[in-house]
Amino acid sequence: MNSTAPNRSEQIEIDASARWPVLVFFGYALGWLLVGGVMQLAAAMQLHQPGFLSACEWTTHGRLAPAAQNALVYGWGMNAAFAFGLWLMARLSATTLRHGGWLFVAAKFWNTGVALGVLGILGGYSTSFELLEMPRYVSLLLLTAYALIGVWAVTTFSIRNTENVYASQWYLFGAAFWFPWLYALAQVMLFKAPVRGVLQPVVNAWYAHGLYNLWFVPVALAAAYYFLPKILGKPVANYYLAPLAFWWLAITSAFAGGSRLIGAPVPVWIPTLGIVANMLVVVGVVIVALNLFGTLSGRHAAARNSLTLRFIIISITSFVLAAAMNLALSMRGFAVTAQFTMLDGLRDWLTFYACFSTAMFGAAYFLLPRLTGKEWRSPALVKAHFGATALGVLLMVAGLTYAGWSQGHMLNDAAVPFAAITKAMAPWFALRSAVLALLLVGHVAFLINFIWIACPINSQGTAAAVFRVPPDLSTEAHAPAGHSLKGVGP
Amino acid sequence: MSANEPHLRVEQSAASDDSIQQVHARLVAAKPEKAGGYSKLPLVLLGLMCSAIFFGSIYLAHYSLRFDPLVYSEHANREKPGAVKVVALTRAQMGKKVFDTTCIACHQANGLGVPGQYPPLAGSEWATGSEARAIRIVLHGLNGPLTVKGVEFNNVMAPLGAALKDEQIANVLSYVRASWGNAAPEVSPEAVAKVRAETASRATFWTAAELLKIGN
């Protein structure tokens, strides 16, 4: 541990054991990111170019939009979370990732399921439930595949070689159980033994909110809690509060889904309970923000020099913004204007893309060179990816917040005809398409770099990466001497 | 292969996984640094937690509407179902029931009576005039010729003093004096009791001529 000679990596055996499962999951994830992104862009364009791709029924908006959403959530999001989660769990449990063969099988099953599901939606077999549009026959495939993946995350944790458990592990371990709980219950209550009448949208809202806030957000927080001390060499600020935040968020988020149903024809206590839960979530978010931004404070220069941390900063800022938006959208007075506008979509986009996906990009830039032993070949493409993401998130948040708010005011004004609202919103829908296109360019840049680093063939031109053996974390808040983040290169 | 942007090629770590876990395990067990007596942060957070729970509870109590599965609007009536509410009725409202069982057969629901046989109450100077006369008519009945609104009637009205209590008489007279366009003041049970006491010895019907001498 005290060796100063450049070693290929710390924990070389663990990274080697995780190499292929993680690369496979990431490969699938990036494939879906592209496919889903293209479909999402096309669906977004149909909102201001109604004739676009409308001739073929497979590509009408009603099929394309949910297909894109499902491809991104179950294709990109879940695969990326599996890849990152398995790797980090192995790392922090100080044990190799075993039974990689099963993980290949699981990856195959999972992605076959997603492909069948997305094709099913495009073919017209979608259900009417948000985020559960995939035809019924897919769910068993997905659950089986998930069981094969989740069990290794849990097993890896339970055979850990460490005395202590770190915050990132709580969130990964929790999420590993929350997703199957949410998905299985939603499947049973909506399809297997459907509950009646108004209970269906209640279950659907609970699932949608839970999937974002009890699966994607915890994985993003696991990344943030890991990479901040890892790269800054500084312990998490006010870490003694972190367990409270974990339990607080876990319990309150599970109740917050009802707030999506304000004004819906459901028993009024359900939205009210969701609203109260969203008020309580604030405490957890404040603690997480104190932890993460407190760690960053005074180290902004170092953070700027780290690509991973730049993505993580976007992620945790979006986490706080998304929580604020959740709270605002669940205030009845605010919802009068904001509900059923672009702000609804922006809230989920903030959670899924700006918080979760950016954290996964940051994690990928850290872990993929360690798994493959290679450097990123093109810094220009890396810069393009980060630039597109940062600009895209900024434009999307600023643009859609303004547009959604003015849309809400127009919708509430009986003197404004509906066609006029549609017309007034067209430029903003165009902006949304432009941002999605910009993000897609970033994803293509990332994919090219990924292929260079991950493909065993054509490795000329991709230099071997050199990693310093990291020092022990010091409890003092000073920057470790001789560990500027710049300097060592091939 | 420029080395001027090494962080874009490979990310170095500044702490080992093992030490991250050890240091944070110590941190989570350690109490916060007490600089200057006590730490403000836990107190501020406690305050935030308490206010979130306090405000949330009030909001929940106010907008959950008893967790009633049948209430769909937060603006719904907040009364408990089955709760009895005391509604104050006027004498005239209570008198309608007496009128409908006792008077309606002759004077009719519209208070117009039957032309040639039973005189009207609507707009009648006898009904809306002196309450002392009206009470007497109800108590002991009326016999013989009677002019109402310029029309002559000659019939008998039965005495009701034994059948109706003071309050019932007060109510029904109040009803008559406030219905069908009539707008005379209501009659109190005390006024009825007073007249009943004054006329306790009377055993026969009143005549119009006798009544005209009483009151104003």
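What follows is calculated from the coordinates using simple rules that are stated; it is not laboratory data. Bear in mind the structure is a predicted one, so any value in this text is a computation, not a measurement. A quick note on method: Cβ atoms are made from the backbone with ideal geometry, for glycine too, and the neighbour counts reach across all protein chains shown.
In this calculation the C-beta distance from B:LYS165 to A:ALA147 is compared with R0 = 60 Å, giving a FRET efficiency of 0.15.
Here's how it looks for B:VAL148: its modeled amide H is under 5 Å from those of B:PHE153, which are all 5 or more places away or on a different chain. Extent along the principal axes, Cα only, for region B:91-213: 33, 30, 23 Å, with the longest axis given first.
Counting beta carbons within 10 Å around each of A:THR372, A:THR144, B:THR102 and listing the fewest first gives the order A:THR144, B:THR102, A:THR372. In this structure, the residue pairs whose Cα-Cα separation is over 29 Å, taken from B:LYS97/B:LYS194; A:LYS108/A:LYS234; A:LYS108/A:LYS192; B:LYS97/B:LYS213; B:LYS85/B:LYS194; A:LYS108/A:LYS230, are A:LYS108/A:LYS234; B:LYS97/B:LYS213; B:LYS85/B:LYS194; A:LYS108/A:LYS230. Seen against the Cα atoms of chain A and their longest principal axis, helix A:61-70 is set at about 30 degrees. State, as an integer percentage, the relative contact order of region A:12-454 based on alpha-carbon contacts under 8 Å between residues 6 or more apart. Relative contact order for region A:12-454 comes out at 16 percent.
Take the alpha-carbon centre of region A:392-440, take the same for region A:87-149, and report the distance between them in whole Å. Region A:392-440 and region A:87-149 have Cα centres separated by 34 Å.
Assuming charge only on the beta carbon of Lys and Arg (+1) and of Asp and Glu (-1), the dipole of chain A about its Cα centre is about 460 debye to the nearest 20. Pairs of C-alpha atoms in region B:36-85 farther apart than 19 Å represent 51 percent of all such pairs.
For the peptide A:222-228, the mean number of other protein chain Cβ atoms found within 10 angstrom of a residue's Cβ is 1. Among B:TYR63, A:TYR166, a tally of other beta-carbon atoms within 10 Å of each Cβ gives an order, fewest to most, of B:TYR63, A:TYR166. So what is the diffusion coefficient of region A:12-454 in µm² per second by Stokes-Einstein at 37 °C and 0.692 mPa s, using a Kirkwood Rh over Cα pairs? Here the translational diffusion coefficient equals 148 µm²/s. Counting neighbouring Cβ atoms within 10 Å and putting the fewest first, the residues A:THR389, A:THR317, A:THR155, B:THR147 line up as B:THR147, A:THR155, A:THR317, A:THR389.
Counting only other chain Cβ atoms within 10 Å of each residue's Cβ, the peptide B:98-109 averages 0. In terms of the mean number of neighbouring beta-carbon atoms within 10 Å, the peptides A:251-260, A:107-116 order highest first as A:251-260, A:107-116. Working from Cα positions, state the angle (0 to 90°, nearest 10) between the long axis of helix A:78-92 and the longest principal axis of chain A. With both axes taken from Cα atoms, the answer is about 30 degrees. For the peptide A:465-474, the mean number of other protein chain Cβ atoms found within 10 angstrom of a residue's Cβ is 5. The C-alpha atoms of chain A define a longest principal axis, and helix A:199-211 lies at about 30 degrees to it. Cα convex hull, region A:206-329: 88 Å³ per residue, rounded to a whole number. Cross-link reach is defined here as a Cα-Cα straight distance under 16 Å, omitting same-chain residues fewer than 8 places apart; for B:LYS80 the aspartates and glutamates meeting it are B:ASP68.
Computed from point charges on the beta carbon alone (+1 for Lys and Arg, -1 for Asp and Glu), the dipole magnitude for chain B about its Cα centre is near 640 Debye. Classification of chain B by its C-alpha gyration tensor yields a prolate form. The axis ratio a/c (a ≥ b ≥ c) is 1.5 or more, and a/b outweighs b/c.
A simple spin-label model places the labels of B:LYS97 and A:TYR137 7.1 nm from each other, with each point 7 Å out along Cα-to-Cβ. Counting Lys and Arg as +1 and Asp and Glu as -1 over every other residue whose Cβ lies under 13 Å from the Cβ of A:HIS300, the net charge comes to +4. When shorter helices are ignored and each DSSP H run of at least 4 residues is given -39500 (n - 2.57), the per-residue value for the protein assembly as shown at 222 nm works out to -20000 deg cm²/dmol.
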